[in-house]
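Each remark here refers to the structure printed beneath this line.
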Amino acid sequence: MLTAILIIAALAVFFGLILGFGAIRLKVEGDPVVDQIDALLPQTQCGQCGFPGCRPYAEAIAGGEADINRCPPGGQATIQALADLLGRDPKPLDPERGTEKPREVAYIHEHLCIGCTLCIQACPVDAILGAAKQMHTIIEKECTGCELCVAPCPVNCIEMIEVKPTVKTWKWPFPPQPEQVTE
Amino acid sequence: MSPATAFRKLFRFHGGLHLPEYKDLSTAVSVEAAPVPKRLIVPTQQHIGVAAKPMVAVGDYVFKGQKIARAPNLISAPVHAPSSGTVVEIGEHPVPHPSGLNAQCIIIETDGKDVWIEQRRQTRDCRDIPPDELRELIRISGIVGLGGAGFPSYIKLSPASSRVVETLILNGAECEPYITCDDMLMRTRPEEIVQGIHIMLHALHARECVIAIEDNKPEAIDAMRAAVKEYGNEHISVLAIPTLYPGGGEKQLIKVVTGKEVPYNKLPLDVRVVCHNVATAAAVYRAISRGEPLISRYITITGDVGQPRNLEVRIGTPIRELLEYCAVPVHDLSAIIMGGPMMGFSLSNLDVPAIKTTNCLLALRTAPRPQPQTYPCIRCSACADVCPINLLPQQLYWYAHSRNFDKIQDFSLFDCIECGCCDYVCPSQIPLVQYFRFAKTEIWAQDEEKKKAEIARQRHEFRLQRQEREKAERAERHKQKAAALQDEQPTAEDTARKAAIQAALERAKAKQATAESTPDADNP
């Protein structure tokens, strides 16, 4: 009787130690679900979802505070991907958050720019180059098209321009679907 | 015939098709140089890789063969003026591409003099030139693969130091129906091709060269054999291979000639083979021996035209002028296809120029697929039977149709060479290749977006970190300043001033106290 109790107790201590060691040694930093959600978001950092950037929105989705249909730049494709990841039903984009539109980049009309640096402070990805009282310009390659620089500009010199496909970025269209003969 | 060919065993690739050839249409008339047009439209992107950067300005006079755009990095090719004249415009112009979009072009108004640039380098014997220098000469001559892909040729002439190239295969198969430009080149300039082979073998340190020609071109085979006998040596041989589409595909040809299969995601170099087109060999010869950059090529103009033929065309000649020269009734036609009927694409605009990779213009009175009636896939597997890569086109079709881009890559979508065999045999007339092209470009775009998103994330995180750091630095600075103020030792002057202030304060206090005490006395 006593032997059995001792053996069980010894086993309990032994496994307890293994679990304790594992919990410390194999600890996962951060929330992996947040990383997975963040990886699906377009990283525009536009804040249209109501959160200050893509990562806070990912954290909110993971925490159940926000729905998955609040990302206009990602559009329906992102909603679908999030639904697949989280095992939820996809739903249409929340119209309060904005509408899905083709990719744009900001363009500064340089002859109008007064060099106030307000747009530089607003840009979430440091894609605007300039200094106080110097002309600013957009680094087009880095611009995510978030439009956050448009509102702060006191002279309205920033315009959003749609990115047109070039020979290199052009995509073959989905083949036309003529009425299929079914009989 | 050299002993190498006499006993060479041939292999077979999976699938393939015997197609009606229509090749004798355009081989009846001898090759002629097309007239130099008034305006040459020279795109800066005529190859795989990065577009060349213009190095001339509007108004500049350029000589024939003068470099007008330089290659900005190693996977690119420079562009040369195809004739002498004045640069009148550098800007967007329609280019031959399935999208029908515009791209950067340099437009030259020719002066009709056709004056060569001076200081052309001429070499008698390529063996005097070290391979590195040969490759550099080929690179600066703007030579790209003339078989259709347009990959910069010098790269494919640089053997990796660890691998020995056993066989150089010269691709003269020309397997697509209607096209005869390589056939005519082999008939008319076989000696240039053989001289080009000597240069390529020297650059590659390769042991042997096999010139592979489909057996539906007996004249070309005879011409090449005669040229090899005269200019070649025992390491160069001509090999007639059975006519089977797409036998001219690089990997198919390697399989037929050597029996080796190029593994997934590997290059022919990994199986010690390098493959070049016959026209590329001729261009290499002209570049090295005569110092002529790539400014013209043979193009087949065939189909429903008055006199189908081959022309030697300057790069940049507008398609419309070529068709007019061949008396093509443009208005009666329903489609002009650039390339062959299997892999070519329909041109939406006839003002596009001929470029380095243009091998054929096919004029058709009736569209090749007049609004096809598509039927559901019946899983007959006819497409899988003919696929030269041994893929499962019906499976790829399902996944492309449902936009399942992960699964489609598990079925090796990117091994598809878009040869069109599956399209051709599909009893339901499903445009399979277009589905595959759609899926490929869609996946590329998604990958590109992912890369961009990753960069945006990094930049955003960096910015947050920077703001955090700046805040901390500012707080630190304030702290230091406050501490410095406290630690500061008062000087004599400061003490005097402080004492004066203190005395003034006390005087004021005393005054206030007396002022306050007076009303107090009045109010008991």
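Across region B:423-479, the qualifying residues are those that are under 30 Å from B:PRO388 (Cβ atoms) and small (Gly, Ala, Ser), and the one among them that is nearest to the other protein chains (Cβ to nearest Cβ) is B:ALA445.
For the list (1) in a loop (DSSP other than H, G, I, E, B); (2) surrounded by 15 or more Cβ atoms within 10 Å (Cβ to Cβ); (3) away from chain B (no Cβ under 11 Å), I need the number of the one condition that A:THR144 fails. That leaves (3) as the condition not met.
A:ALA151 falls short of the stated requirement of being within 14 Å of another protein chain (Cβ to nearest Cβ) and either among the small types (Gly, Ala, Ser) or on the phi > 0 side of the Ramachandran plot (or both). Among the residues examined, A:TYR57 qualifies as within 14 Å of the chain's Cα centre (by Cα) and either of a type in the set (Phe, Trp, Tyr) or assigned by TED's automatic domain parsing to the domain that holds A:PRO152 (or both). Return the residues of region B:168-194 that are over 18 Å from B:LEU239 (Cα atoms) and either aliphatic (A, V, I, L, M) or free of Cβ contacts under 8 Å to residues at least 12 places away in the same chain (or both); say none if nothing qualifies. Once the filter is applied, which keeps residues that are over 18 Å from B:LEU239 (Cα atoms) and either aliphatic (A, V, I, L, M) or free of Cβ contacts under 8 Å to residues at least 12 places away in the same chain (or both), region B:168-194 yields only B:ILE179.
Among the residues of region A:36-47, are any farther than 30 Å from A:ILE139 by Cβ, among the small types (Gly, Ala, Ser) and either at pLDDT below 90 or within 17 Å of the chain's Cα centre (by Cα) (or both)? Scanning region A:36-47 turns up no residue that is farther than 30 Å from A:ILE139 by Cβ, among the small types (Gly, Ala, Ser) and either at pLDDT below 90 or within 17 Å of the chain's Cα centre (by Cα) (or both). Residues that are within 14 Å of chain A (Cβ to nearest Cβ) and either on the phi < 0 side of the Ramachandran plot or at pLDDT 95 or above (or both) do not occur anywhere in region B:60-71.
Let's see how each residue does on (1) in the same structural domain as A:TYR57 (by TED's automatic domain parsing); (2) under 21 Å from the mean Cα position of the chain (by Cα); (3) farther than 30 Å from B:ALA103 by Cβ:
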| position | (1), (2), (3) |
| --- | --- |
| A:LEU85 | yes, yes, yes |
| A:HIS111 | no, no, no |
| A:LYS133 | no, no, yes |
| A:GLU147 | no, yes, no |
| A:PRO175 | no, no, no |
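Restricting to region B:423-460, give me the number of residues that are crowded, with 21+ Cβ neighbours inside 10 Å and of a type in the set (Asp, Glu). Residues in region B:423-460 being crowded, with 21+ Cβ neighbours inside 10 Å and of a type in the set (Asp, Glu): 1 in total. Within region B:152-185, being part of a helix (DSSP H, G or I), under 22 Å from B:LEU19 (Cβ atoms) and out of contact with any Asp or Glu (no Cβ under 8 Å at 6 or more places or on another chain) holds for B:MET184, B:LEU185. Restricting B:ILE417, B:ILE408, B:ILE430, B:ILE389 to residues that are in a helix (DSSP H, G or I) and out of contact with any strand residue (DSSP E or B) (no Cβ under 6 Å at 6 or more places or on another chain) narrows the list to B:ILE408.
Can you tell me how many residues in region A:36-81 are charged (D, E, K, R) and within 11 Å of chain B (Cβ to nearest Cβ)? Step through it out loud before you land on a result.
Restricting attention to region A:36-81, the residues satisfying the condition of being charged (D, E, K, R) are A:38, A:55, A:59, A:65, A:67, A:70.
Now restrict to residues that are within 11 Å of chain B (Cβ to nearest Cβ): A:38, A:55.
Residues in region A:36-81 being charged (D, E, K, R) and within 11 Å of chain B (Cβ to nearest Cβ): 2 in total.
Number of residues in region A:7-34 that are without any contact (Cβ under 8 Å) to a residue 12 or more places away in the chain and within 14 Å of chain B (Cβ to nearest Cβ) equals 1.
Check region A:162-173 and report whether any residue there is polar (S, T, N, Q), out of contact with any Pro (no Cβ under 8 Å at 6 or more places or on another chain) and within 14 Å of chain B (Cβ to nearest Cβ). Yes: region A:162-173 contains one or more residues that are polar (S, T, N, Q), out of contact with any Pro (no Cβ under 8 Å at 6 or more places or on another chain) and within 14 Å of chain B (Cβ to nearest Cβ). Within region A:87-102, not a single residue is at pLDDT below 95, within 19 Å of A:GLY53 (Cβ to Cβ) and within 14 Å of chain B (Cβ to nearest Cβ). Restricted to region B:222-308, the set of strands (runs of 3 or more DSSP E) holding at least 2 residues that are more than 28 Å from the chain's Cα centre (by Cα) comprises B:236-241.
The values are calculated or read from the model by the stated rules, or taken from the named source; none is laboratory data. Small disclaimer: the values here were computed from a predicted structure and weren't measured. A quick note on method: Cβ atoms are made from the backbone with ideal geometry, for glycine too, and the neighbour counts reach across all protein chains shown.
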